[in-house]
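Below is one structure, written out as structure tokens, with a few remarks after it.
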Amino acid sequence: MKKILFLLSVILFFAGFSPRGWEIFLCLFLTLVIGVLTIKPGLPEKHGSRPMLLSAVISIFYAVYVFITFGDIAGDNIILTAVFTVLTTAGAFWFILNILSMLPKVKTMPKNLETADNNIGKAGMLYLLIVAIINVSFLCQASPLYPLNYWDDVNSYVTVSRALALGKILYKDIFDHKGPLLHFINIPFSAFNHQSYLGVYILEVIFCFCWLVLALKIMSLYVRLERTCFIAVLPLAMLTYSVNAFHYGGSTEEYALPILLLGLYIGLKTIREDRLPKLSEAFIAGLASAFLFWMKFTLTGFYIGFILFVIYRCIRSRAGLAILKLSGMFIAGFAALTLPVLSYFWITGSMSYLYEAYFYFNIFVYSGDSVSFLGRIPYSLILMFIQLGRNRILAISIAVGLITVFARRNKDEIIFMMLSFLTTFLCLYSGEKPMFYYCFGLACFAVSGWTGIVTLIRNAMKRIKVRPRKILIACLASIAFCTAAFAASDSTLIIFRDREKYPQYIFARQILDSGDPTVLNFKCLDSGIYNATDTVPDFRFFYQVNYPGSYTKAVKEPLDLVIRRRVRFVVTNDFYDLSNCGYRLKDARSCYYTDINGNVAQDVYYLYELDLFA
């Protein structure tokens with residue numbers, strides 16, 4: 001009876017994440033694994049008050065999450081939402097309390113944990129590179145397997161980086177409100193982006209590989225890197241890249257993932273070894289935080305938590321001098337990357353444009369200011385829960401990770417994870433216009449969930465004595481989850497399609513055949529027409545920015561280009577009567593894609609040509 005009640009609590013816990021389709025299969029699989037490993041569930045006679053308190057705290061956050069996310073699904077049915085929240089929270093409380101009570105306290109592992117036999121090794125590195133190539137090839141639209149990357153943000157990065165490679169000055173000659181470093185890292189690969197996204201693909205493979213290496217390094221702090229860890233990497237990686245927040249691949253949050261994991265690894269490693277960060281580690285952390293700051297400053301929230309935790313440990317250890325030394329090295333690392341970035345804008349005389357595009361626009365135009373300072377935290381929490389509710393695999397991984405952290409009962413580890421998670425989500429959702437991909441910035445915390453899941457799977461596999469059966473089960477499970485991830489991805493709707501049938505490339509042939517390939521992407525985000533025509537815009541505002549608000553020049557200047565007939569062709573994704581400006585509709589084409597809600601939608605693009613004889 002106790003076993004049935006425990007399994008019911010596990011099912012209710014996962015039900016709170018509102019799994020759909022193949023996600024139900026994943027939850028049932030984890031329930032089965034937990035059920036196999038749990039022989040005698042139920043609380044021990046002396047389970048102590050700490051597991052009860054921790055379980056209550058986790059259950060409160062879980063209840064808020066369920067109420068918000070299920071309410072988003074159920075609409076105005078408050079009674080149904082309340083009943084569902086109570087039932088799932090009761091199950092979650094019993095499940096978490098059992099887990100925290102059953103698992104023994106994990107003692108600090110020996111300092112030689114990460115010895116040669118626990119390193120990834122050359123063969124492991126090669127395997128992770130292959131996994132990265134497979135992951136990016138099948139789930140990122142920059143891959144050669146796809147006709148194009150349909151994400152307008154990625155198209156704008158490609159356009160800007162190609163313009164910078166040809167000598168244009170960022171923000172001054174060509175506008176985008178993303179961070180300068182995001183465009184700078186794309187420049188070396190822009191040579192491959194001629195009517196394709198091969199350069200983006202290579203960059204994504206590199207960052208995916210770095211992410212996987214750091215994920216395994218973090219796992220190696222807690223488990224031996226045996227065969228199970230490496231087998232599980234591919235399905236876990238594909239599941240992470242299949243969430244809605246990842247979308248088509250190529251976002252800033254994707255590139256930030258290994259940089260965030262670097263700080264997580266340094267923090268957890270110092271905790272496991274019971275020491276303060278080395279000066280070299282502080283320098284690396286400063287360098288990493290600068291990388292995030294100049295790519296997207298709202299992503300630096302993690303390192304704010306990192307800094308606060310290090311200060312806390314220094315104060316507790318009464319190491320006042322260490323605070324000064326570590327702070328100096330952190331600042332030196334931050335400056336090591338900041339100075340070259342600022343030098344570029346100082347040399348090119350575009351410092352004011354940097355402030356206008358990257359700081360002023362993002363802080364005062366894009367973010368909004370209708371929510372009060374006191375209301376910012378609950379507002380951010382609600383936004384985060386709603387978005388995690390639409391990225392359920394990410395939410396489950398983070399939840400399992402936090403439970404794993406609490407189960408280890410290491411005070412410093414709990415403080416570090418909770419503090420860094422708090423500062424990360426507060427910075428990510430500091431604005432009022434949260435984009436659907438913001439919560440992918442929390443994916444770094446899912447790695448703790450990987451550790452817990454891999455530990456469960458490894459212990460369950462030990463119960464299977466027949467080796468061929470063990471291999472068969474592992475292969476079938478990996479194939480099943482990889483297939484499920486492929487099916488769930490927003491990208492895969494258009495895989496293996498012929499790019500010549502897409503509006504961008506159909507229009508590109510007509511534009512290039514004219515002999516005058518001057519084109520404007522008008523009143524819409526970058527559709528990819530510049531990359532398809534292999535051209536670089538000769539004007540600053542080459543697409544319609546999101547939420548221009550009071551920043552009227554972003555709207556006025558493209559309109560002036562049309563009124564003054566400065567371009568031969570105009571491409572839009574909505575119909576406009578431009579006959580008064582001398583443009584006639586030349587062609588209209590449609591295509592299907594997966595929208596930000598995961599639904600199949602249709603876009604129609606229109607090509608206008610200047611009537612030279614009007």
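Structure notes:
- Protein-only accessible surface at a 1.4 angstrom probe places the residues Ile271, Ile130 in the order Ile130, Ile271, largest first.
- Mean residue ellipticity (222 nm) of the chain, computed from DSSP H runs ≥ 4 via -39,500 (n - 2.57), nearest 500: -19000 deg cm²/dmol
- Probe 1.4 Å - accessible area at Arg50, Å² to nearest ten: 150 Å²
- Taking a ≥ b ≥ c as the square roots of the eigenvalues of the alpha carbon gyration tensor, the range 240-301 is oblate, as a/c is not under 1.5 and a/b does not beat b/c.
- Between 0 and 90°, nearest 10: helix 2-15 axis offset from the chain longest Cα axis: 10 degrees
- Accessible-area composition of the range 506-579, carbon plus sulfur, in percent [1.4 Å probe]: 48 percent
- Using a probe of 1.4 Å, the accessible surface attributed to Thr300 totals some 20 Å² when neighbouring protein chains are kept in position.
- Approximate spin-label separation Ile133-Ala335, in nm, with each point projected 7 Å along Cα-to-Cβ: 4.3 nm
- 20 °C / 1.002 mPa s Stokes-Einstein diffusion coefficient of the range 481-614, Kirkwood radius on C-alpha pairs, µm²/s: 133 µm²/s
- Whether the range 169-306 is rounded, prolate or oblate, judged on the alpha carbon gyration tensor where a/c under 1.5 counts as rounded: oblate
- Which of Asn193, Asn531, Ile495, positive extreme of dipole for the chain (C-beta unit charges): Ile495
- Summarising the strand pairing of the chain, around 80 percent of its internal DSSP beta bridges are antiparallel.
- The range 399-498: mean projected area of Cα convex hull, nm²: 9.9 nm²
- Largest to smallest in accessible area, the residues Phe25, Phe445 fall in the order Phe25, Phe445 (1.4 Å probe, all protein chains included).
- The heavy atoms of Tyr379 present about 70 square angstrom of accessible area, all protein chains included, probe 1.4 Å.
- The mean accessible area for residues of the range 391-460, using a 1.4 Å probe and ignoring ligands and nucleic acids, is 22 Å² per residue.
- Straight-line reach from Lys168: taking Cα to Cα under 19 Å and skipping same-chain neighbours fewer than 8 places apart, the aspartates and glutamates in range are Asp176, Glu356, Asp526, Asp534, Asp538, Glu557.
- Straight Cα distances below 19 angstrom link Lys465 to the aspartates and glutamates Glu226, with same-chain residues fewer than 8 positions distant left out.
- Across the protein chains, with a 1.4 Å probe defining accessible surface, the residues Arg316, Arg162 rank Arg316, Arg162 from largest area downward.
- Here the chain is assigned +1 on the Cβ of each Lys and Arg and -1 on the Cβ of each Asp and Glu. Its dipole about the Cα centre then comes out at about 2880 debye.
- Residue pairs, from the table Lys122/Lys269; Lys178/Lys296; Lys172/Lys556, whose Cα atoms sit over 18 Å apart: Lys122/Lys269
- Cα shape, the range 308-366, gyration tensor, a/c 1.5 rule: oblate
- Backbone phi angles across the range 395-406, fed through the Karplus curve with coefficients 6.51, -1.76 and 1.60 (θ = phi - 60°), yield HN-Hα couplings of 5, 5, 4, 5, 4, 4, x, 5, 5, 4, 5, 5 Hz in residue order; Gly and Pro are listed as x.
- Inter-label distance for Glu226 and Arg566, nm, one decimal - labels placed 7 Å from Cα along Cα-to-Cβ: 6.6 nm
The values are calculated or read from the model by the stated rules, or taken from the named source; none is laboratory data. Owing to the predicted nature of the structure, the values given are computational and were not obtained by experimental measurement. So basically every Cβ, Gly included, is an ideal-geometry build from the backbone, and we count neighbours across all protein chains shown. The protein model used for the area step is the full one, side chains on, heavy atoms only, and it has no ligands, DNA or RNA in it. Shrake-Rupley method; radii C 1.70, N 1.55, O 1.52, S 1.80 Å.
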